[in-house]
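Asks: This is the structure, below, for whatever I ask next.
The values are calculated or read from the model by the stated rules, or taken from the named source; none is laboratory data. Since this is a predicted model, take the numbers as computed values, not measurements. In this analysis, Cβ positions are derived from the backbone assuming ideal geometry, glycine residues included, and neighbour counts consider all displayed protein chains. Heavy atoms of the whole protein, side chains included, go into the accessibility calculation; ligands, DNA and RNA do not. Shrake-Rupley method; radii C 1.70, N 1.55, O 1.52, S 1.80 Å.
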Amino acid sequence: MSDVFTHPWLGGLFGDTEIQALWSPEAQLAHYAAFEMALSQALEAAGRVPQGHGAAAAATLEASVIDPASLAEDVAHDGLPIPALVRRWRAADPAHKDALHTGATSQDVMDTALALTLRAVSSLLARRLRTLDVTLGNLDLRFGDRPLMGRTRMQAALPIRVADRLSAWRASLAAQAHRLDASRAGVERLQLGGAVGTRHAFGDQGQAIADAMAAQLGLSASDHAWHSDRGGVAHYAACLAGLSGTLGKMGQDIALMAQQGLDDIRIAGGGGSSVMPHKSNPVLAELLVTLARLNAGSLSGMQHALIHEQERSGAAWMLEWALLPQMTLATGRAVTAAQALCDQIEDMGGA
């Protein structure tokens, strides 16, 4: 059985095709090539390779076509795809191989690809969250003045309005969206350190080369390599978990509001039961809770990935590969599920 995000039928519930496409092998290979093209051109501009070599190497990279499946055996041996790719690129253009990958290391390529991927993920999430906030605002306009029983510790407390509960959801989501936006600076940055993170192969031109590459890729240029400093990545993961957790709270509230006997909300198109045709299950609300808990568990692993020994870790880095894409998928799906759920709300509160 494959993971729930891409499973033939569970993927219908958990899947997020837009986020999945951002992590596709083709998208990652394109990011790897973009890094190498930026490096080749920066090396030429800095005079580190003969005139024309950087442009020729960049042209080779742009024309390169790689079958992702063909890398599997190499990755099983090397632990990552970059050595095999560099061998192929240099073999395709031996006359300009001095401008291909020179001074960089595999982690430079893959971490920069991560930065480019997370930039796209963050932009997509931000657009979705703006739409969701508008939808919640419309629910407030329709039902906000209606009465609702406020509940503390799942017991009836004092009367509130539907607007009070919606306001709590919207404020929490706005805060999480702000935190995610603020975390982007910690991950949307070029990685360039070379073998041990010191940029030694570039002499005193390391920062100039990094600045030129970052400008071409639309990233910031750190004044140092972050090979072993995973704080920005871990913080970003925490923001993903915070966002999905807030949506999980909203889903839990809606699931409880939908209980028969309370009937604080009416949702169109609820899930059916195989043996109880009278039921309309709050499937999307339940999904929000599940995704929140999934990310909460994954966040612990991302905190373990902070422990990068010395100048580079293999084990901790691989842990990020396994967890962070899944966390973005869970968060992305949580936002679309929340949107679909809110679109299905037909009634809230008392008359």
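Asks: Out of everything in region 1-26 that is in contact (Cβ under 8 Å) with a residue 40 or more places away in the chain and in a helix (DSSP H, G or I), what residue ends up being farthest from Val121 (Cα to Cα)?
Replies: In this case the residue turns out to be Leu13.
Asks: Assess whether Asp108 counts as being open to solvent by less than 30 Å² (accessible area, probe 1.4 Å), out of contact with any Pro (no Cβ under 9 Å at 6 or more places or on another chain) and of a type in the set (D, E, K, R).
Replies: yes
Asks: Determine whether Ala163 is surrounded by 15 or more Cβ atoms within 10 Å (Cβ to Cβ), touching a residue at least 60 places away in the same chain (Cβ under 8 Å) and either among the hydroxyl-bearing types (Ser, Thr, Tyr) or assigned to a helix (DSSP H, G or I) (or both).
Replies: Considered against the rule, which asks whether it is surrounded by 15 or more Cβ atoms within 10 Å (Cβ to Cβ), touching a residue at least 60 places away in the same chain (Cβ under 8 Å) and either among the hydroxyl-bearing types (Ser, Thr, Tyr) or assigned to a helix (DSSP H, G or I) (or both), Ala163 comes out as no.
Asks: Just to be sure before I move on: is Leu116 within 28 Å of Trp317 (Cα to Cα) and surrounded by 18 or more Cβ atoms within 10 Å (Cβ to Cβ) in the structure I sent?
Replies: yes
Asks: Could I ask something else about it? Filtering region 5-26 down to residues that are open to solvent by 40 Å² or more (accessible area, probe 1.4 Å) and of a type in the set (Val, Ile, Thr), which residue is nearest to Leu219 (Cα to Cα)?
Replies: Thr17
Asks: Here is a follow-up. So how many residues does region 104-116 have that are small (Gly, Ala, Ser) and either in contact with a strand residue (DSSP E or B) (Cβ under 7 Å, 6 or more places away or on another chain) or more than 16 Å from Glu311 (Cβ to Cβ) (or both)?
Replies: 2
Asks: So which residues in region 315-332 are of a type in the set (A, V, I, L, M) and over 15 Å from Val233 (Cα atoms), if there are any at all? Outline the logic, then answer.
Replies: Narrowing region 315-332 to residues of a type in the set (A, V, I, L, M): 315-316, 318-319, 322-324, 327, 329-330.
Selection gives Ala315, Leu329, Ala330.
Asks: Please find, within region 223-248, the residue that is surrounded by the fewest Cβ atoms within 10 Å (Cβ to Cβ) out of those that are among the hydroxyl-bearing types (Ser, Thr, Tyr) and closer than 30 Å to Leu173 by Cα.
Replies: Ranking the qualifying residues of region 223-248, first place goes to Thr246.
Asks: Can you tell me how many residues in region 299-348 are among the small types (Gly, Ala, Ser), surrounded by fewer than 20 Cβ atoms within 10 Å (Cβ to Cβ) and part of a helix (DSSP H, G or I)?
Replies: Summing the residues that are among the small types (Gly, Ala, Ser), surrounded by fewer than 20 Cβ atoms within 10 Å (Cβ to Cβ) and part of a helix (DSSP H, G or I) in region 299-348 gives 6.
Asks: Continuing with this model, one more query. All but one of (1) within 30 Å of His101 (Cβ to Cβ); (2) without any contact (Cβ under 8 Å) to a residue 60 or more places away in the chain; (3) not hydrophobic (A, V, I, L, M, F, W, C) hold for Arg170, so report the exception by its number.
Replies: (1)
Asks: If you check every pair at least six apart or on different chains, which have Cβ atoms under 6 Å apart with a residue in region 116-138 that is within 19 Å of Ala34 (Cα to Cα) and assigned to a helix (DSSP H, G or I) first and a residue that is open to solvent by less than 20 Å² (accessible area, probe 1.4 Å) and of a type outside the set (S, T, N, Q) second?
Replies: Hits for this filter: Leu118/Val187.
Asks: What helices (runs of 4 or more DSSP H) completely inside region 27-105 contain at least 3 residues that are open to solvent by less than 30 Å² (accessible area, probe 1.4 Å)?
Replies: 53-63, 82-92
Asks: To continue, here is another question. Is region 189-207 home to any residue that is part of a helix (DSSP H, G or I), in contact with a strand residue (DSSP E or B) (Cβ under 7 Å, 6 or more places away or on another chain) and among the acidic types (Asp, Glu)?
Replies: No, region 189-207 contains no residue that is part of a helix (DSSP H, G or I), in contact with a strand residue (DSSP E or B) (Cβ under 7 Å, 6 or more places away or on another chain) and among the acidic types (Asp, Glu).
Asks: Turning to a different aspect of this structure: Among the residues of region 284-295, are any in a loop (DSSP other than H, G, I, E, B) and farther than 25 Å from Arg127 by Cβ?
Replies: no
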